[in-house]
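K.L.:
Before we start, here is the structure in question, set down as structure tokens.
The values are calculated or read from the model by the stated rules, or taken from the named source; none is laboratory data. In this text the structure is predicted, and so the values were computed from the model without any measurement. Don't worry about glycine lacking a Cβ; one is built from the backbone with ideal geometry, like all the others, and counts go over all protein chains shown. Side chains included, ligands, DNA and RNA excluded: accessible areas come from the protein's heavy atoms. Shrake-Rupley method; radii C 1.70, N 1.55, O 1.52, S 1.80 Å.
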Amino acid sequence: MMKDVTAAPEEDVDFGERFARLALRPGGPSRQVAIQRAQTELARLKPELSRLIATGCRDLEAALLMAKRDDQDRAHHIKQAYAISESLRDVAGSLGFSFVGLIASNLCTIFEAVSTGGLPYPRDIIGCHLQALQLAQANVRQDGIAAELQEVAAGLTKTMRLLKSAAASAPVVTDPSDDHVR
Amino acid sequence: VRGATINLAGMSFLVADPSQPSSAVIQGIFRGFGVSRIIEARTTKDAMEVMIDQKIDLLLCEPRLPRHGGLAFIRSIRRNPENPFRTIPILVITGDTRTCVIKEARDSGVNMVVAKPTSPTVLYERLTWVAFHPRKYVDSSRYFGPDRRFKIEGLPDGSEHRASDAAATPVGDSGPVLSQSDIDNLLQAAGSGIAK
């Protein structure tokens, strides 16, 4: 009778050793084939996840607009924008939506710096990213960064470089591990 | 080990990530690699329940896992001598790559930290690394996990080189990092600082 591989673990199994032992068995697909198959799997998921990315972009745009307009409840809208940016950053890059990934990643960096007190809320820079996001939504189904957006992407990258150096020279008033925004 | 292959057939991986799209991406990649069984969890409670009655060969965990956090969950696995999964390989996957997060992940006993967004190439390399370079487990009063001290022994096999990779010189391939005069200057500076 075959052993049930999904059963609860036996007491004496060393799982660290077990992983290495199983992984080094001969007979697995080559590295190239395994990576190609994984890319095929991602391509299969792309239509569904593209829709989620498009929805995420719209939600992020709405949250940023609210953060711009609603002075009283800005912290709440920033928190929301931060969460959506994190979600977009985590997925967009893996699926080849580099422009959306760049915007989301920049926004995460900004919100992190703002939350740790290393930076005052950079209204103008957030505004640039909001405009870029509106451009991205028109190109969300394209792979990589569309030719007409290359210049915008370079501008955003340069802006972030300047922002990071400004943040590095500014005194940090709170503990960097203390995250107020999330 | 360059271009080495790993065989993940017959293995079960637990993907503990609160984000459904992110989890879908990781699961897709693992399916492509030939992992036989992928179980997903959205919370520490779900993940704990899976580990009580199922056999898992690798845990991939997100630090933002509700309610107690992925790193607290990892610490609870590593620091419990009764837990049969105490030595399971654990990868942390996170988009938050601040030094404080990476250090906390390392000190919770993870084998490897993977930055989001990830790609099939990066994940394959990390799994290959874990399989080919198993580290001894350290058991102390404040830490249980793979030995955190390991030297850079060149780039991971099969990795694509970047311009910045030149900085990752293998240990032992170059001379001392500081010359004697550098050391003398440092000692002198330290001495004058103390004198003040």
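K.L.:
When the stretch A:13-27 is examined, which residues are found to be buried (at least 19 other Cβ atoms within 10 Å of the Cβ) and closer than 19 Å to B:G32 by Cβ?
P.N.:
A:F19, A:A23
K.L.:
Of all residues being open to solvent by 20 Å² or more (accessible area, probe 1.4 Å) and among the small types (G, A, S) in the stretch A:64-93, which is nearest to the chain's Cα centre (by Cα)? Just the residue, please.
P.N.:
Taking the candidates together, the pick is A:S87.
K.L.:
Continuing with this model, one more query. When B:V35 is evaluated against the numbered criteria (1) closer than 26 Å to A:A92 by Cβ; (2) touching a Pro at 6+ places or on another chain (Cβ under 6 Å); (3) not aromatic (F, W, Y), which criterion, by number, is the only one it fails?
P.N.:
The number of the failed condition is (2).
K.L.:
Select from the stretch B:1-23 the residues that are buried (at least 23 other Cβ atoms within 10 Å of the Cβ) and within 7 Å of another protein chain (Cβ to nearest Cβ) and write down the one among them that is nearest to B:V92 (Cα to Cα).
P.N.:
Filtering first and then ranking leaves B:S22.
K.L.:
Could you identify the single residue in B:R106, B:R135 that is under 30 Å from A:L107 (Cα atoms), more than 8 Å from chain A (Cβ to nearest Cβ) and among the charged types (D, E, K, R)?
P.N.:
Working: B:R135 fails: under 30 Å from A:L107 (Cα atoms).
None of the other options fit; the residue is B:R106.
K.L.:
If you take the residues of the stretch A:115-124 that are open to solvent by 30 Å² or more (accessible area, probe 1.4 Å) and of a type outside the set (D, E), which of them is farthest from A:S87 (Cα to Cα)? Break it down stepwise before answering.
P.N.:
The initial filter retains those residues of the stretch A:115-124 that are open to solvent by 30 Å² or more (accessible area, probe 1.4 Å), namely A:120-121, A:123-124.
Adding the requirement that they be of a type outside the set (D, E) leaves A:120-121, A:123.
Numbers: A:P120: 24, A:Y121: 21, A:R123: 22 Å.
Among those that are open to solvent by 30 Å² or more (accessible area, probe 1.4 Å) and of a type outside the set (D, E), it is A:P120.
K.L.:
Output the helices (runs of 4 or more DSSP H) that fall wholly within the stretch B:24-133 and possess 2 or more residues being of a type in the set (A, V, I, L, M, F, W, C) and open to solvent by less than 10 Å² (accessible area, probe 1.4 Å), or say none.
P.N.:
Answer list for the stretch B:24-133: B:70-78, B:120-132.
K.L.:
Can you spot a residue in the stretch B:72-94 that is within 9 Å of another protein chain (Cβ to nearest Cβ) and in contact with a Ser or Thr (Cβ under 8 Å, 6 or more places away or on another chain)?
P.N.:
Scanning the stretch B:72-94, I find at least one residue that is within 9 Å of another protein chain (Cβ to nearest Cβ) and in contact with a Ser or Thr (Cβ under 8 Å, 6 or more places away or on another chain), so the answer is yes.
K.L.:
If you take the residues of the stretch A:24-63 that are of a type in the set (K, R) and touching a residue at least 12 places away in the same chain (Cβ under 8 Å), which of them is nearest to the other protein chains (Cβ to nearest Cβ)?
P.N.:
Here the answer is A:K46.
K.L.:
When you go through A:F97, A:F111 one by one, which is the residue that is surrounded by 14 or more Cβ atoms within 10 Å (Cβ to Cβ), closer than 30 Å to B:F33 by Cα and within 14 Å of the chain's Cα centre (by Cα)?
P.N.:
Being surrounded by 14 or more Cβ atoms within 10 Å (Cβ to Cβ), closer than 30 Å to B:F33 by Cα and within 14 Å of the chain's Cα centre (by Cα) holds for just one of A:F97, A:F111, which is A:F97.
K.L.:
Quickly run through the stretch B:25-51 and pick out the residues that are in contact with a helix residue (DSSP H, G or I) (Cβ under 7 Å, 6 or more places away or on another chain) and either of a type in the set (A, V, I, L, M) or closer than 19 Å to B:F85 by Cβ (or both).
P.N.:
B:V25, B:I29, B:I38, B:I39, B:E40, B:A41, B:T44, B:A47
K.L.:
Going through the stretch B:109-132 one residue at a time, which ones are more than 10 Å from chain A (Cβ to nearest Cβ) and not small (G, A, S)?
P.N.:
B:V110, B:M112, B:V113, B:V114, B:R126, B:W129
Quick grid of which residues meet (1) more than 29 Å from A:G118 (Cα to Cα); (2) at pLDDT 70 or above:
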| position | (1), (2) |
| --- | --- |
| A:Q137 | yes, yes |
| A:Q142 | yes, no |
| A:A147 | yes, yes |
| A:A153 | no, yes |
| A:K158 | no, yes |
| A:R161 | no, yes |
| A:A166 | no, yes |
| A:D179 | no, no |
